[in-house]
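Q: Mind having a look at this structure? Questions to follow.
The values are calculated or read from the model by the stated rules, or taken from the named source; none is laboratory data. Computed from a predicted model, the values in this text were never measured in an experiment. Cβ coordinates were reconstructed from backbone atoms using ideal geometry, including for glycine residues, and neighbour counts include every protein chain displayed.
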Amino acid sequence: MSDFRSQTSEGALVLFSGGQDSATCLAWALARHARVETVGFDYGQRHAVELEARLRVREGMASALPHLADRLGPDHMVDLTGYGRIAESALTAEREIEMGARGLPTTFVPGRNLIFLVAAAALADRRGLGVLVGGMCETDFSGYPDCRRDTIDAMERALTLGLERPTPIATPLMRLTKAQTWALAHELGGDALVELIVEDSHTCYRGDRTRRHAWGYGCGDCPACELRAQGWADWTAGR
């Protein structure tokens, strides 16, 4: 189901936002690597509640996956608020969430994943971690060109050249639907992991933690909520 290529690295660095996808990727990495660290990014996002959610999800992993708890190492936070001001979008400023003139949603933050990967690769190099793990997906996504595997492959080549060391980027969700992502979480950690993701992860672009749905908290009508809700409905219908 995943886009993982066998690694001989001693550890992994997970790009960890605290959302459904990155939480699933963290569990996936813990199942495959003896040493896993996480990195988050503050880029001035409107839904800054995800920065709090990521800490709750990290802490909850020990209970959801007790047999893997000793593999989870330190967390790191990178301040990219300056970049967020440059790459203004509906995720970093008070703008309507709609389709823009270029055919991309206004939630698209230009180059976000590229910036994240450069910063993560530098950190991984210093921490001695051999593989980056990201939740990018080109199956169920909001139309972001930096979520495509072609983009990730190009970044992998550029980072390998720029750091003069192999810099593989694993994207286990790349070709999964949101329903399959829920299924993968259940495969990795059963009901305990699914409940952790439902209760503590955050996806809503508007940062709404006041409304609780079967699939978790959110406004229910932004693109991120719609994808998560539809994936939940499809997965639970097929169980």
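Q: Restricting the search to the stretch 30-60, which residues are among the aliphatic types (A, V, I, L, M) and not in a helix (DSSP H, G or I)?
A: As a first pass, look at the stretch 30-60 and keep what is among the aliphatic types (A, V, I, L, M): 30-31, 34, 36, 39, 48-49, 51, 53, 55, 57.
Answer for the stretch 30-60, where residues must be among the aliphatic types (A, V, I, L, M) and not in a helix (DSSP H, G or I): Ala34, Val36, Val39, Ala48.
Q: Sticking with this one: Looking at the stretch 211-239, which of the residues that are modelled with pLDDT under 95 and exposed (fewer than 15 other Cβ atoms within 10 Å of the Cβ) is nearest to Tyr144 (Cα to Cα)?
A: The extreme case among them is Asp221.
Q: For the stretch 130-166, how many residues are assigned to a loop (DSSP other than H, G, I, E, B), under 25 Å from Ala31 (Cβ atoms) and under 18 Å from the mean Cα position of the chain (by Cα)?
A: 8
Q: Which of the residues that make up the stretch 199-223 are farther than 18 Å from Glu52 by Cα and touching a residue at least 40 places away in the same chain (Cβ under 8 Å)?
A: Here is the first cut: in the stretch 199-223, the residues farther than 18 Å from Glu52 by Cα are 213-215, 220-223.
Once the filter is applied, which keeps residues that are farther than 18 Å from Glu52 by Cα and touching a residue at least 40 places away in the same chain (Cβ under 8 Å), the stretch 199-223 yields Cys222, Pro223.
Q: Would you please name the residue that is modelled with the highest pLDDT, looking only at residues in the stretch 62-80 that are in contact with a strand residue (DSSP E or B) (Cβ under 6 Å, 6 or more places away or on another chain) and not in a strand (DSSP E or B)?
A: So the first thing to find is which residues in the stretch 62-80 are in contact with a strand residue (DSSP E or B) (Cβ under 6 Å, 6 or more places away or on another chain), and the list is 71-80.
With not in a strand (DSSP E or B) added as a condition, the list becomes 71, 80.
Working: Arg71: 97, Leu80: 85.
The residue in question is Arg71.
Q: Conditions: (1) part of a loop (DSSP other than H, G, I, E, B); (2) surrounded by fewer than 20 Cβ atoms within 10 Å (Cβ to Cβ). His202 meets all but one. Number of the miss?
A: The one condition His202 does not meet is (2).
Q: Take the conditions within 22 Å of Thr139 (Cβ to Cβ), of a type in the set (S, T, N, Q) and surrounded by 18 or more Cβ atoms within 10 Å (Cβ to Cβ) and apply them to Thr177. Does it pass? Working first, answer last.
A: On the way: within 22 Å of Thr139 (Cβ to Cβ): yes; of a type in the set (S, T, N, Q): yes; surrounded by 18 or more Cβ atoms within 10 Å (Cβ to Cβ): no.
When the stated conditions are applied, Thr177 does not pass them.
Q: Is at least one residue of the stretch 208-217 charged (D, E, K, R) and within 16 Å of Thr24 (Cβ to Cβ)? I'd like the intermediate steps shown before the answer.
A: Applying the first criterion (charged (D, E, K, R)) to the stretch 208-217 yields 208-209, 211-212.
From what's left, within 16 Å of Thr24 (Cβ to Cβ): none.
There is no residue in the stretch 208-217 that is charged (D, E, K, R) and within 16 Å of Thr24 (Cβ to Cβ).
Q: Looking at the stretch 193-207, can you tell me whether even one residue there is on the phi < 0 side of the Ramachandran plot, of a type in the set (Ser, Thr, Tyr) and at pLDDT below 95?
A: Our first condition is that a residue be on the phi < 0 side of the Ramachandran plot; within the stretch 193-207, this holds for 193-206.
Subset that is of a type in the set (Ser, Thr, Tyr): 201, 203, 205.
Still in the list and also at pLDDT below 95: 203, 205.
Yes: the stretch 193-207 contains one or more residues that are on the phi < 0 side of the Ramachandran plot, of a type in the set (Ser, Thr, Tyr) and at pLDDT below 95.
Q: Anything in the stretch 180-211 that is among the charged types (D, E, K, R) and under 24 Å from Ala62 (Cα atoms)? List them, or say none. Steps first, answer last, please.
A: Pass one, the stretch 180-211, residues among the charged types (D, E, K, R): 187, 191, 195, 199-200, 206, 208-209, 211.
Selection gives Glu187, Asp191, Glu195, Glu199, Asp200, Arg209.
Q: Residue check: is Ala158 surrounded by fewer than 18 Cβ atoms within 10 Å (Cβ to Cβ) and free of Cβ contacts under 8 Å to residues at least 60 places away in the same chain? Walk me through it before giving the result.
A: On the way: surrounded by fewer than 18 Cβ atoms within 10 Å (Cβ to Cβ): yes; free of Cβ contacts under 8 Å to residues at least 60 places away in the same chain: yes.
It is true that Ala158 is surrounded by fewer than 18 Cβ atoms within 10 Å (Cβ to Cβ) and free of Cβ contacts under 8 Å to residues at least 60 places away in the same chain.
Q: Please go through the stretch 119-147 and pick out each residue that is of a type outside the set (Gly, Ala, Ser) and within 18 Å of Gln20 (Cα to Cα).
A: Leu132, Val133, Met136, Cys137, Glu138, Thr139, Asp140, Phe141, Tyr144, Cys147
Q: Kindly evaluate Asp234 against the criterion of being under 30 Å from Ala122 (Cβ atoms), free of Cβ contacts under 8 Å to residues at least 60 places away in the same chain and not in a loop (DSSP other than H, G, I, E, B).
A: Numbers: under 30 Å from Ala122 (Cβ atoms): no; free of Cβ contacts under 8 Å to residues at least 60 places away in the same chain: yes; not in a loop (DSSP other than H, G, I, E, B): yes.
Spelling it out, it is not the case that Asp234 is under 30 Å from Ala122 (Cβ atoms), free of Cβ contacts under 8 Å to residues at least 60 places away in the same chain and not in a loop (DSSP other than H, G, I, E, B).
Q: Here is a follow-up. For the stretch 180-198, enumerate the residues that are without any contact (Cβ under 8 Å) to a residue 12 or more places away in the chain and crowded, with 19+ Cβ neighbours inside 10 Å.
A: none
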